[in-house]
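The values are calculated or read from the model by the stated rules, or taken from the named source; none is laboratory data. In this text the structure is predicted, and so the values were computed from the model without any measurement. As a convention, Cβ positions derive from the backbone with ideal geometry for all residues, glycine included, and neighbour counts pool all protein chains shown. The area values use the complete protein model at the heavy-atom level, side chains included, leaving out ligands, DNA and RNA. Shrake-Rupley method; radii C 1.70, N 1.55, O 1.52, S 1.80 Å.
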Amino acid sequence: MAHIRLDDVCVDLPVFGAHSRSLKNRIISAATGGRLAKEAGVTCVRALSHVTLELNPGDRVGLWGHNGAGKTTLLRVLAGAYAPTSGTVRIEGDVTSLIDLALGMEPEATGFENIALRLMMMGRSPRLAEGLAEEVQAFSGLGEFLDLPIRTYSSGMLMRLAFAISTAVEPEILLMDEWLSVGDEEFVAKAEARLERLLESTQILVIASHSRELLERRCNRVLRLEHGEVKETVLAEQPA
Amino acid sequence: MDATMKLDLPAALLDFAESWQKSYLWLRLGWFDIQQRFRRSVLGPLWITLTMAALIAGMGPLYALIFDLELKTYLPYLALGIILWGFIATTTVESCSAFIAGAGVIRQTRLPLSSFVLRTVWRNLLVLAFNAVLILVVLLYAGLPSLARLAEAAGGLLILAVGAIGSGLLIAIFCTRYRDMQQVIASLLQVLMFLTPVFWRADQLPQRSLLIDWNPAYYFLEVVRAPLLGVDLPGRYYEIASALAAGLCLAGLLLFARYRLRIVYWL
C-alpha cells in the first residue's frame with residue numbers, strides 16, 4: 001500500500017553565487033575571520049517550512065500557490081530527490097514523476113535507445129524494460145523515426161516519445177506538475193485517455209497547478225502553499 | 001543542525017548496495033557514453049585505440065633515442081605508462097563532474113548517487129580495454145610475460161580500479177561543492193604526469209628520489225606495469241598500493257556518508 005508521511009519538513013535551499021562556491025573565498029574568509037566570513041556565508045532560501053502531511057491510497061492531492069510558493073520543491077521531496085533539511089519523510093510505494101517528461105533523454109541517442117535508457121532510469125530492469133519498450137514504441141506512433149537520433153525530432157515528436165515513456169509504468173504514487181497536453185489533435189485524445197487510465201490506477205496522485213478549477217475537478221484535497229508553508233487544506237468534493 | 005549533514009555510514013553503504021543491485025544502469029550508461037563520443041564517426045570507439053597507437057608509435061622511437069634505450073625494452077614501457085596514466089588521469093578529471101553531469105536526473109528522481117561515480121570509472125575501464133589491444137601488440141613484439149606475472153598484473157588492475165572508485169567518490173563530492181577544484185585538479189595532474197615515471201624510467205634518476213617514494217600515482221602505475229614487463233616487483237609495492245586504495249575508499253566513504261543527502265543541494 002502506498003503511503004506518504006511528512007513530519008515537520010523544512011527545506012532550505014542554499015543559493016550559491018560563484019562567490020561562495022570557490023575555495024579561494026573560503027580560505028580568505030577563514031584567514032580574515034569574523035566579518036568577511038559572514039558575508040561569504042551561503043544564503044539560504046526556505047523553500048518549505050514545517051510541512052506536515054499524510055497521504056493515503058485514494059488521495060488525490062492538489063498543490064496550489066503562486067510561483068515560488070514551494071510546489072515544485074514539495075514535489076521533489078515527494079519524488080525522493082530532496083532530503084529535508086529538518087523533519088522526516090517516509091515514502092512507501094513506487095513513485096512516477098511526470099514533473100519533467102524529457103528528463104534524462106539523450107539527444108544523440110536514437111528513439112529506441114532513449115526508451116531503453118529512460119525505462120532503466122525509472123527503475124526497470126533491462127528485462128522488464130524490454131517488455132515495456134514495445135508498447136511504448138507502438139503508443140508513440142513514431143514508427144521508423146525511432147531509428148533516428150532524437151535531436152532530429154520536432155519538439156512535438158519529442159514530447160510524444162517522452163510522454164509515451166513516462167506513462168509506460170503503472171505507478172503507485174504519481175507526481176505531476178501541471179496538467180499534461182502533448183502532441184497534435186489526434187495524439188492529444190490518445191494521451192488524455194492514457195493519462196486518465198494512469199490517474200485512475202494510481203493509489204496516490206499529487207498534482208501542482210496554478211489552476212484552482214483544474215484542482216477542484218481532479219482532487220479531493222487541495223493544499224494551498226504560501227512561502228513554503230501549507231496554509232490551508234481545502235477538502236473538495238470527490239471527483240466524479 | 002542540518003538533517004542532511006549527519007554522518008550516516010549504513011545509508012552510504014546501502015547506496016552502494018543499491019548501485020550494485022542496479023548495476024545494469026551504470027554499465028549500460030558507461031558504454032553509452034563511449035558510443036556517444038564517437039557517434040557519426042565511421043570507426044567509432046576504435047578511434048580510442050588508433051589515437052593511442054599514433055601517440056606511442058610517434059613517441060616511442062624518439063624517446064628511445066633521447067634516453068639511449070633499446071626500443072624493444074622501451075616501447076612496452078612507454079605504451080603501458082601512457083595507457084595506464086591515461087586511465088588514472090582521465091578517471092580523476094572526469095570524476096569531478098560525475099554528479100554535475102547528472103544534475104538533471106539527481107534533482108528529480110531518487111537514484112543511488114554512487115552509481116554516477118561507478119559509471120565514470122566503468123567508462124574509463126572500457127577505454128582501457130580498447131587500449132589493451134595495443135598493449136597486447138607491443139608485448140607480442142617485445143615478449144609476453146609469464147602467466148604468473150599476468151595474474152599479478154590482474155591483481156594490480158583490481159587495486160587500481162578500487163582506488164579509482166574511492167578517489168572518484170572523494171573528488172566528485174568535493175568538486176560538486178567547490179567548482180574551482182576541477183581546474184586545480186586538472187592542472188595538478190598535468191604536472192604530476194611529468195613528475196611520475198611515465199615516459200622516463202625510475203632507474204634513470206641518479207639516486208632514489210622523493211618523487212618516486214612519495215608519489216602515490218607511481219605505486220598504482222607500477223603494480224600493473226611492472227608484472228606485464230616481466231619485472232619482479234617487491235611485495236611492498238602491492239601492499240602500499242592496496243593501502244592507498246583502501247585509504248581512498250575509506251576517505252571517500254566517510255565524506256559520502258556525511259554529505260550524501262547534501263549533494264543534490266550543491267548541484
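General observations
- Looking across segment B:25-62, the residues that are within 28 Å of A:MET122 (Cβ to Cβ), open to solvent by 40 Å² or more (accessible area, probe 1.4 Å) and either within 22 Å of the chain's Cα centre (by Cα) or of a type in the set (S, T, N, Q) (or both) come down to B:LEU27, B:ARG28, B:TRP31, B:GLN35, B:GLN36, B:ARG37, B:PHE38.
- Scanning segment A:102-128 for residues that are open to solvent by less than 40 Å² (accessible area, probe 1.4 Å), more than 9 Å from chain B (Cβ to nearest Cβ) and in a helix (DSSP H, G or I) turns up A:GLY111, A:ASN114, A:ILE115, A:ARG118, A:LEU119.
- Filtered by the rule that a residue be polar (S, T, N, Q) and open to solvent by 60 Å² or more (accessible area, probe 1.4 Å), segment B:125-149 gives a lone residue, B:SER146.
- The residues of segment B:5-17 that are closer than 8 Å to B:ARG258 by Cα and within 13 Å of chain A (Cβ to nearest Cβ), listed by number, are B:MET5, B:LYS6, B:ASP8.
- Residue list for segment B:31-66, filter: within 12 Å of chain A (Cβ to nearest Cβ), of a type outside the set (A, V, I, L, M, F, W, C) and either touching a residue at least 60 places away in the same chain (Cβ under 8 Å) or touching a strand residue (DSSP E or B) at 6+ places or on another chain (Cβ under 7 Å) (or both): B:ASP33
- Residues that are of a type in the set (D, E, K, R) and on the phi < 0 side of the Ramachandran plot were ranked within segment B:66-98; the one that is most open to solvent (accessible area, probe 1.4 Å) is B:GLU70.
- Where strands (runs of 3 or more DSSP E) fall entirely within segment A:164-240, those with at least 3 residues that are under 17 Å from the mean Cα position of the chain (by Cα) are at A:173-177, A:204-209.
- Residues located in segment B:205-252, provided they are basic (Lys, Arg) and open to solvent by 20 Å² or more (accessible area, probe 1.4 Å): B:ARG208, B:ARG236
- Pairs are defined by a Cβ separation below 6 Å, a sequence spacing of at least 6 or placement on different chains, a first member in segment B:134-155 that is in contact (Cβ under 8 Å) with a residue 12 or more places away in the chain and closer than 14 Å to B:LEU233 by Cα, and a second member that is open to solvent by 70 Å² or more (accessible area, probe 1.4 Å) and among the acidic types (Asp, Glu); no pair meets this definition.
- Scanning segment A:92-128 for residues that are on the phi > 0 side of the Ramachandran plot and in contact with a helix residue (DSSP H, G or I) (Cβ under 7 Å, 6 or more places away or on another chain) returns a single hit, A:GLY104.
- Residue within segment A:16-25 that is modelled with pLDDT of 75 or more and under 26 Å from B:ALA3 (Cβ atoms) present: yes
- Here B:ILE48 passes the criteria (1) assigned to a loop (DSSP other than H, G, I, E, B); (2) touching a helix residue (DSSP H, G or I) at 6+ places or on another chain (Cβ under 6 Å) except the one numbered (1).
- Flag: B:THR176 does not match the condition of being within 14 Å of chain A (Cβ to nearest Cβ), without any contact (Cβ under 8 Å) to a residue 12 or more places away in the chain and among the β-branched types (Val, Ile, Thr).
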